Amino acid sequence: MVSVDTFKYEYRSQKIGASLILHADSFEWMGRIPAECVHAIVADPPYGVKEYNFDQIEKRTNGNGGIWRIPPSFDGSNRAPLPRFTALNSKERDSLYRFFLEWSKLAVHALLPGGHVFIASNAFLSQLVFSALIAGGLEFRG
C-alpha cells in the first residue's frame, strides 16, 4: 500500500486520518500521479469562466453587480455576492464544458476502478457539468 504522503509533492496539504487534503491545480496534480491510485475525488471547482475577469471583479467590488448577484442582507447579516451563471453565453458555456471534459479524463486516469467523484455544482450548471463528466469517461450515479 502506498502512503498518501507520496502524492503530496510540493503542494500545501493536510492529512486527516488516512485521507489527504491538497490545495493544488487539479489538472497538474492528476497529471503527475500514477494511474488508478485514488479512491475518491472531492472538488468544489471555481467555475471561473467569467466571474473572475477583471471587469467583473471591479463591478463586484464597487457593488455594481455585473455577473455578480449582490444579495440582500438577511436578519442583519450581509451575505457575500454570488455569480449569476444564467449570464453565461454559449461560448462561455462551451468553454466550461471543455474544462470539465478534460478534467474528467484526468479523473478517470487517477481513480481506482469503482472510485467516486463528489463535485459541487448548482442547478443551472449541473446538466452541462454532468454531461461533460460522462463524455470524459465517468458514470453518473444519483
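The values are calculated or read from the model by the stated rules, or taken from the named source; none is laboratory data. What you see is a predicted model; the values in this text were computed from it and never measured. Quick reminder, even Gly has a Cβ in these numbers, built from the backbone with ideal geometry, and neighbours come from all protein chains shown.
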Open item on the list: For Pro46, only one of the following conditions fails: (1) at pLDDT below 75; (2) more than 14 Å from the chain's Cα centre (by Cα); (3) part of a loop (DSSP other than H, G, I, E, B). What is its number?
Closed with: (2)
Task: Inter-residue pairs, beta-carbon under 9 Å, first free of Cβ contacts under 8 Å to residues at least 12 places away in the same chain and in segment 12-27, second of a type in the set (S, T, N, Q), 6+ apart - done: Ile21/Ser13; Ile21/Gln14
Open item on the list: Testing Gly137 on (1) at pLDDT 90 or above; (2) under 13 Å from the mean Cα position of the chain (by Cα), one condition comes back false. Which one is that?
Closed with: (2)
- [ ] Quickly run through segment 22-38 and pick out the residues that are surrounded by 12 or more Cβ atoms within 10 Å (Cβ to Cβ) and part of a strand (DSSP E or B).
- [x] Leu22, Val38
Task: Pairs with Cβ under 8 Å, 6+ apart, first in segment 59-77 and surrounded by fewer than 10 Cβ atoms within 10 Å (Cβ to Cβ), second β-branched (Val, Ile, Thr) and modelled with pLDDT under 70 - done: Gly63/Ile70
